[in-house]
1. Starting from residues that are surrounded by fewer than 24 Cβ atoms within 10 Å (Cβ to Cβ) and more than 15 Å from the chain's Cα centre (by Cα), keep the ones in the range A:103-117 and report whichever is nearest to A:Glu85 (Cα to Cα).
2. Quick one: is A:Pro254 within 14 Å of chain B (Cβ to nearest Cβ) and not in a helix (DSSP H, G or I)?
3. Considering only residues of the range A:58-85 that are within 16 Å of ligand 2 (Cβ to nearest atom) and away from every other protein chain (no Cβ under 14 Å), which is surrounded by the fewest Cβ atoms within 10 Å (Cβ to Cβ)?
4. Just to be sure I understand the filter: pairs with C-beta atoms under 8 Å, separated by 6 or more residues or on different chains, first member in the range A:174-188 and closer than 20 Å to A:Asp215 by Cβ, second member near ligand 2 (Cβ under 8 Å from one of its atoms) and part of a strand (DSSP E or B). Which pairs pass?
5. Scan (1) within 16 Å of ligand 2 (Cβ to nearest atom); (2) crowded, with 20+ Cβ neighbours inside 10 Å for the single condition A:His250 breaks and write down its number.
6. Yes or no: A:Gly255 out of contact with any strand residue (DSSP E or B) (no Cβ under 9 Å at 6 or more places or on another chain) and among the small types (Gly, Ala, Ser)?
7. Could you tell me which residue of the range A:180-210 is least open to solvent (accessible area, probe 1.4 Å), considering only residues that are within 16 Å of ligand 2 (Cβ to nearest atom) and assigned to a strand (DSSP E or B)?
8. Would you point out the residue of the range A:40-77, among those that are in a helix (DSSP H, G or I) and away from ligand 1 (no atom under 13 Å from the Cβ), that is nearest to A:Arg268 (Cα to Cα)?
Amino acid sequence: MTERRTPPLEPSLLIEMYRRMLTIRFFEEAVFEVYRRGWMPGLAHLSDGQEATPVGVCMALRPDDTITSTHRGHGHIIAKGGQVEPMMAEVMGKVTGYCRGKGGEMHIADVSLGILGANGIVGGGLGIAAGSAFTAKREGKGRVSVAFFGDGAANQGLWYETANIAVLWKLPLIYVCENNQYTEFTHWKKLTAGEGLAVRARAMGMPGIEVDGNDVVAVYQAARELVERARRGEGPATLVCHTIRYGGHHVGDPGTAYRTKEEMEEWRKKDPIERCERLLLETGILSPQAIEATRNEIYERVQKAVEQARQDPFPPVEEVYEHVYA
Amino acid sequence: MSTRELTFAQAIREALDEELARDERIVLFGEDIGAWGGVFRTTEGLYEKYGPDRVIDTPLSEEGYVGMAVGIAMTGMHPVPEIMFGDFITLAMDQIVNQAAKMRYMTGGQVAVPITIRATMGGGRSSGAQHSQSWHAWFAHVPGLKVVVPSTPYDAKGLLKTALRDPNPVVFFEDKVMYHKIKGPVPEEEYLIPFGVADIKREGKDVTIIALSRMVHTALAAAERLAQEGISAEVVDPRTLTPLDEETLVQSVCKTGGAVIVDEGYTRFGITAELAAVIAKGAFDYLDAPIERVGAFDVPIPFSPPLEFATIPDEERIVQAVYRILEGRRPQ
Ligand SMILES: Cc1ncc(C[n+]2csc(CCOP(=O)(O)OP(=O)(O)O)c2C)c(N)n1
Ligand SMILES: [Mg+2]
């Protein structure tokens, strides 16, 4: 009889991580299909391959903690508790979407879940995240703020301005840099001086930690430590998660011109969902049948969301002037 | 109602003081606004009174602290970032235009973004091309923002108090030349001035001069000179650009038959152009002459006084514009 691995975390937590990662994967695959079939307007920026980072981080958060998301944000929304039905409707520009069709694929947000917008301006949400951390500190209830952003955004001035202030004022802010190796079509090393953001964070006077962003347990453990530290009032931190997006920069880009097959094959071996599945099986938390059932259940739910969203109405044109002012 | 004379700066300071006392969600941010009291003294004494948690000195990071203000507003407070010289607002442009102005719309109404951005404007101090500009028109071009351009201590106080209770991002422009030079009556009692209500600063019947911010005083001086020549000019101050009280402007021009529009911002594609379009549409049948626009010359604001004073609208240019209108007036 083979020895069972000891679970590194609570089984229920691992199952929830697995479910959220699967939801992201199936959601992104469905959006690609929706785009391919012409069921959505515009383009979409998908995050399949990167699931472990948002899920590992968000599972370390409380419901009242806030996040800011990016143009590649579907994973953040699902990880923070977003529902696929209003997300898919938003992707299609329907009135039943989270933002009544006014936000779109790039700006899905459910503010009641602590999602303070998804930004199309690369790095543009860093101020909002720092502002939320300011309010959190003022409230004194141990709430924290997380800023998700990419390796490209890490070179925007706003990071440096807010990092200076966050260290100075000891704000409960966690910068989570999802280094998916590419800023659009260029490798991050061609655009980044020195060793990257973790080192820069340390130079600013805050912890700068790097993790395998495809290992949901490692991301969770690192995030939890930094989050707890921030809750205790010890100030901001930066967590750099190394990962890859499987698809192109957006759905119109096959992502093959600037990345080699070998490179992608190496990353596929580190697939975050397969690794989590293996962990669940080897620890005996889930049986192969339970894995199969979970996959089917989530897949079906996403497919239903697509069908429903297709039938949902577009917003009436009269709504165009609504929500400009409060 | 008892009143006293306050400077423009004192009126601003008093509005901040009263609102800080009324609403603890209000927090001021800016460079040297705390212990130092602000380079224009508009926050004098507030740091001592409300403490370093309410009147906060920031690093020189306009994008950073204006961006933070967006997140602070989205999480339930009312931040008031100050831009020392309005010229520096360019550094915070993304946060104002792409974040503050559209967060509500992009989320389908899920959030409000109550921020009051205080910025200065105005030249005439030989401060050079990067400390003298008036950029209010840019913000009036952006849906989702409100824009306030007060001209008197009374208006400044009443409108700033309204801004500090508004659930939307408001860009509030204070002409720095007025801070200590312009004095006026301000009631002891509390009052608010609603947005979107223009004020007739002087009644007249021959021509309408629409002016805002410090240019109201220049227009009033021009009107006084014209009065001595028997020309009766009405001076109308829109006070807020967004929302805009089109009706009062149009009605005045329907009454007088002529319009001179004065603004310290640039002429091309500026406030004067937009207001001229409003008048042309609303008062077309009543216009006896083409609308006149008086704005800053379309050049970087020069340093040397003769050049700078030529650039910024003055009494003489307004008077000449009125003469052109009266000359061009068609026979009744
Ligand atoms: C301020 C700004 N500059 C450029 C762009 C165009 N753009 C969109 S995504 C992107 C790359 C962002 O890279 P990264 O931050 O690494 O995020 P990723 O796309 O890899 O998730 C660029 C250049 C933009 N949206 N905003
Ligand atoms: Mg990237």
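The values are calculated or read from the model by the stated rules, or taken from the named source; none is laboratory data. None of the values given here were measured: they were computed from a predicted structure. Positions of Cβ are backbone-derived with ideal geometry, glycine not excepted, and every protein chain shown enters the neighbour counts. With ligands, DNA and RNA removed, areas are computed over all heavy atoms of the protein, side chains included. Shrake-Rupley method; radii C 1.70, N 1.55, O 1.52, S 1.80 Å.
1. Result: A:Gly104.
2. No; evaluated as a whole, the condition is false for this residue.
3. Top of the filtered list is A:Arg72.
4. A:Cys177/A:Gly150; A:Glu178/A:Gly150; A:Asn179/A:Gly150; A:Asn180/A:Gly150; A:Trp188/A:Asn179; A:Trp188/A:Tyr182
5. So A:His250 meets the others, but not (2).
6. no
7. Looking at the filtered set, the residue picked out is A:Tyr182.
8. The residue in question is A:Ala52.
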